[in-house]
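Each reported figure results from applying straightforward, stated rules to the coordinates on display, with no laboratory input. Quantities reported herein were computed from a predicted structural model and do not represent experimental measurements. Virtual Cβ from ideal backbone geometry, glycine too; neighbours counted across all protein chains shown.
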Amino acid sequence: MFLFLQIAIICKYYYIKVLLKEIGLIDNKQPSAYTSISDSSHDIITQHTKNMKEVKIDIEEKQQQLPILLWIPKMHKKPSKQRFIAASHCCTTKPISALITKCLKLVQQAHRIYCNRIKSYAGFNFMSL
């Protein structure tokens with residue numbers, strides 16, 4: 001088995017330009033999915049923390065930050081494409097994100113059980129569609 005590793009060296013100026021274009025601050029011909037706000041990051045973090053406390057979710061000290069936007073080029077695609085990721089591994093939204101993930105896993109598990117029952121009765125596997 002061969003493992004091919006692709007490494008891309010990207011100009012920092014170009015990287016930032018692509019991210020700014022994605023959020024609609026430069027050269028964007030299409031409507032942006034992002035909205036510009038004037039609140040400081042401190043104000044946003046304070047508001048997130050307050051909202052989480054209202055629903056009894058604690059935010060750890062290390063989570064007192066906002067997610068960052070990353071651009072990942074997909075060099076294996078022809079023509080090359082890209083993926084934008086809001087990296088939130090350690091931010092104010094992490095606890096609620098983890099809770100939602102647990103809920104969705106339960107929904108997926110119930111759906112899998114339902115589909116397995118259909119498969120046993122009718123022979124159709126709706127999980128693989």
Spin-label pair residue 39/residue 18, simplified geometry with 7 Å Cα→Cβ offset, distance in nm: 3.0 nm
Per principal axis, descending, Cα span of region 3-113 in whole Å: 46, 46, 29
Filtered chymotrypsin sites (Phe, Trp or Tyr not before Pro), region 1-91: DSSP coil and at most 13 other beta carbons within 10 Å: 2, 4, 34
Of 66, 104, 19, the one that fluctuates the most in a GNM where the chain has Cα springs shorter than 10 Å: 104
Trypsin sites (Lys or Arg not before Pro) restricted to region 1-43 and DSSP loop, no more than 12 other C-beta within 10 Å: 29
Value at 222 nm in deg cm²/dmol, rounded to 500, when DSSP H runs of n ≥ 4 in the chain each add -39,500 (n - 2.57): -14000 deg cm²/dmol
Per DSSP, loop GluC sites (Glu not before Pro) in region 28-129 with at most 14 further Cβ within 10 Å: 60
